[in-house]
Amino acid sequence: MNKLRVAWLLPVAWFYWQPSLSEFARLFPGTTVFTGLFPGFAKGLEGTLRVEVVGKFRVIEINRDHSSYGDNFTYLSPGIIGHLLKLRPQVIFSSSFGVWTILALVLKPILWSRVIIAYEGSSPGVDYRHSALRLLVRRSMVWLADACITNSQAGKDYLIDVLYARRDRVFLQPYEIPDAKTLPGSGAIVSDLSTLQRPLFLFVGHVIPRKGLPSLLQACAILQQRGYTNYTLLVVGDGEQQDELKAFCQEQELSDRVQWMGRVSYDQIGSYFKSADVFVFPTMEDTWGVVALEAMLMGKPILCSKGAGTSELVVHGENGYVFPPDNATELADLMQNRHLRIGRAW
């Protein structure tokens, strides 16, 4: 049995991390996940990971801008130092360029550990390309780290071209990958959707500017103007823009076309993917976007904004289509495109 001691340092051990980490822990049983927030185990993965919650995870907003990621600071407990000194891991994977990654790099010569930075992906709101200080700190961290991994080609390019990481130490390997077996409700159909006009387009996410729902609703308004009403849009999620966007739907006479499902618990979300015909991910900016991968697991065609890191996995015209995040007309064209019947009919 492999006795390598490995620590994963994650601000939040979200459900979508758990399938790959559980498999990792099976290969390396000496793995411990340290996190500032643990929502519990995904269904089917109970007890497959050793998880320790250290302190309390908090996001301190410096510049609140929901049209982008905004400028913020993620507080994580310095108590991680004691946990690492006790475990003395030989390998540390640490998420992004936060305080825990800094502490892991500081402890590296004491622990004789290898430190690997896991960078989710590149986007304008998290890259800080115009901040000389942040880039200096990140370049120093990359220089001190033994390697970097990232989900996307854009993340790899950022690490190499902007942070000057050595090419042979940067690995492109998607690691935030959901598993169909652990996506709750993936075998069920939502019964109260059976009477809705198909095709069913599905949006899942926070109802905030960055997620691009206004652009999707503008596309629906364009379809309304064209006289195309043979569809339904399901909006799963809630947020600060919800009242404003519901009012927009009333003004544009979209109330019959757009169904607001509200926030849905994670153990039900798979049933909505199962029921939908096409998944739409109109985000203005997402470093990755696991929700698009969850739809792919259900075999759904994807309409994916180029603002999402996961757009790299959409093969245009095969498993879906990509579009500019600020082009509602192009999105409307795609929604009306009969070729979206990929693998099915309605």
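The values are calculated or read from the model by the stated rules, or taken from the named source; none is laboratory data. The shown structure was predicted, so the numbers you read here are calculated from the model rather than taken from an experiment. Counting neighbours? That spans all protein chains shown, and the Cβs are built from the backbone with ideal geometry, glycine included.
Among the residues making up the range 17-31, those that are touching a residue at least 40 places away in the same chain (Cβ under 8 Å) and either of a type in the set (D, E, K, R) or buried (at least 20 other Cβ atoms within 10 Å of the Cβ) (or both) are Trp17, Gln18, Pro19. Look at (1) surrounded by fewer than 21 Cβ atoms within 10 Å (Cβ to Cβ); (2) part of a helix (DSSP H, G or I); (3) touching a strand residue (DSSP E or B) at 6+ places or on another chain (Cβ under 8 Å) and you find that Ile149 fails only one, number (2).
Going through (1) β-branched (Val, Ile, Thr); (2) surrounded by fewer than 13 Cβ atoms within 10 Å (Cβ to Cβ); (3) assigned to a strand (DSSP E or B) one by one, Ile110 falls short only on (3). Annotation for the range 325-333: at least one member residue is under 27 Å from Thr195 (Cβ atoms), at pLDDT 95 or above, crowded, with 24+ Cβ neighbours inside 10 Å and outside the structural domain of Phe15 (by TED's automatic domain parsing). Considered as a group, the residues in the range 290-324 that are under 25 Å from Ala221 (Cβ atoms) and among the polar types (S, T, N, Q) include one that is surrounded by the fewest Cβ atoms within 10 Å (Cβ to Cβ), and that residue is Ser311.
The requirement of being crowded, with 16+ Cβ neighbours inside 10 Å, of a type in the set (A, V, I, L, M) and not in a strand (DSSP E or B) is not satisfied by Leu85.
Considering only residues in the range 152-185 that are buried (at least 20 other Cβ atoms within 10 Å of the Cβ) and at pLDDT 95 or above, the one that is nearest to the chain's Cα centre (by Cα) turns out to be Ser152.
Matching residues to (1) touching a residue at least 12 places away in the same chain (Cβ under 8 Å); (2) in a strand (DSSP E or B); (3) of a type in the set (S, T, N, Q); (4) buried (at least 19 other Cβ atoms within 10 Å of the Cβ):
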| site | (1), (2), (3), (4) |
| --- | --- |
| Gln250 | no, no, yes, no |
| Glu253 | yes, no, no, no |
| Val264 | yes, no, no, no |
| Ser271 | yes, no, yes, yes |
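Within the set Ala42, Ala25, the sole residue that is of a type outside the set (Asp, Glu) and outside any loop (DSSP other than H, G, I, E, B) turns out to be Ala25.
If the condition is being farther than 12 Å from Arg169 by Cβ and of a type in the set (Val, Ile, Thr), then the range 132-153 contributes only Val137. Just one residue in the set Glu312, Glu318, Glu330, Glu294 is acidic (Asp, Glu), out of contact with any helix residue (DSSP H, G or I) (no Cβ under 8 Å at 6 or more places or on another chain), under 25 Å from Leu172 (Cβ atoms) and not in a strand (DSSP E or B); that residue is Glu318. Within the range 122-141, the residues that satisfy the criterion of being part of a loop (DSSP other than H, G, I, E, B) and in contact with a Phe, Trp or Tyr (Cβ under 8 Å, 6 or more places away or on another chain) are Ser122, Ser123.
Among the residues making up the range 221-278, those that are among the β-branched types (Val, Ile, Thr) and under 17 Å from Met335 (Cβ atoms) are Ile222, Thr229, Thr232, Val235, Val258, Val278. If you check Leu49 against the conditions, is it surrounded by 15 or more Cβ atoms within 10 Å (Cβ to Cβ) and modelled with pLDDT of 95 or more? The answer is no for Leu49. Of everything listed in (1) within 27 Å of Ala154 (Cα to Cα); (2) at pLDDT 95 or above, the single unmet condition for Gly299 is (2).
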